1. Scan the range 178-206 for residues that are open to solvent by less than 10 Å² (accessible area, probe 1.4 Å) and within 16 Å of L111 (Cα to Cα) and report the count.
2. Could you grab the pairs with beta carbons closer than 6 Å, sequence gap of 6+ or different chains, first residue in the range 17-44 and of a type in the set (V, I, T), second one assigned to a loop (DSSP other than H, G, I, E, B)?
3. Would you point out which residue out of S150, S172 is hydroxyl-bearing (S, T, Y), on the phi < 0 side of the Ramachandran plot and out of contact with any Asp or Glu (no Cβ under 9 Å at 6 or more places or on another chain)?
4. Report yes if some residue within the range 87-106 is open to solvent by 60 Å² or more (accessible area, probe 1.4 Å) and under 17 Å from K208 (Cβ atoms); otherwise report no.
5. So G173 fits all but one of (1) open to solvent by 10 Å² or more (accessible area, probe 1.4 Å); (2) touching a strand residue (DSSP E or B) at 6+ places or on another chain (Cβ under 9 Å); (3) modelled with pLDDT under 95; what number is the exception?
6. Against the condition at pLDDT below 95 and farther than 12 Å from Y214 by Cα, how does S162 come out, does it pass?
7. Can you list the strands (runs of 3 or more DSSP E) lying wholly within the range 10-79 that have 1 or more residues being exposed (fewer than 12 other Cβ atoms within 10 Å of the Cβ)?
8. In the range 119-161, what residues are hydroxyl-bearing (S, T, Y) and either assigned to a loop (DSSP other than H, G, I, E, B) or open to solvent by less than 20 Å² (accessible area, probe 1.4 Å) (or both)?
Amino acid sequence: YLDGKTNLPDVITWKAIYAKVSKSNEWGFTTGPIHWQSVGYSKKFGEYLCLWKRDRKGEWKIAYRAISEHGQPTGDVNTIFESPINNKFRKLRSKARIKQREDIIFSTDQLFSTILKADNLTACNEFLAEGARTYIPAYNPVVGLEKIKSFLKKQEITIESSTVEKVDRTYSGELAYRSGQAIIRQGNEQINCHYIRIWEVQEDAKWKVVVDMYFKK
């Protein structure tokens, strides 16, 4: 893929400002601002997300990487790096049980998608964490449930997500992600996107989205 690209940037710079690691210490994620530039061209900006997994040698490798492009950044966002408070979790031995836990993420995200089609704001209330981050192409990141709802309403943006590409959940069970395809509508404009959502179990045992990222196909 990269060999076939003729416009790869000469310089890429990024910085993690939000990161979490699972209790089982086998995967986590980082996300934050990124900018890139080719000689003779203007600088471009966006947000990146990397899903990291440890291989059999215990080395961290990127399993998923995405970039949502937007304009010149405005303002700073607080840096949050979170490690588990403890590493206690129920260890599973059955592959069937692990598959069942992944199915929970699949069905939860499917329900989120279903409600999105009916009412974006209701879906946000039900499935976004209080400190959730939403990345939508052409816009700076929006952080916080209430700000996300205000943003969608003000910009008259509606989101629909559909086709599933991948579902995965940590062995310790408290973090998961699902990726797929989505459509963002604003007025007469329609943008076909991929999406990736990072899900996390909250203190009330409910699954909530902490990162909701959309990027153009």
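The values are calculated or read from the model by the stated rules, or taken from the named source; none is laboratory data. Predicted, not measured: the structure shown is a model, and the values here were computed from it. All Cβ positions, glycine included, derive from the backbone under ideal geometry; neighbour counts span all protein chains shown. Accessible surface is based on the protein model in full, side chains and every heavy atom, while ligands, DNA and RNA are left aside. Shrake-Rupley method; radii C 1.70, N 1.55, O 1.52, S 1.80 Å.
1. Qualifying residue count for the region: 9.
2. I17/V77; I17/T79; V21/S83; T30/A16; V39/D10
3. Exactly one residue qualifies, and that residue is S150.
4. Yes, the range 87-106 has at least one match.
5. Going through the list (1) open to solvent by 10 Å² or more (accessible area, probe 1.4 Å); (2) touching a strand residue (DSSP E or B) at 6+ places or on another chain (Cβ under 9 Å); (3) modelled with pLDDT under 95, G173 breaks only (1).
6. Yes; evaluated as a whole, the condition is true for this residue.
7. 11-14, 60-70
8. First, the residues of the range 119-161 that are hydroxyl-bearing (S, T, Y): 122, 134-135, 139, 150, 158, 161.
Selection gives T134, Y135, Y139, S161.
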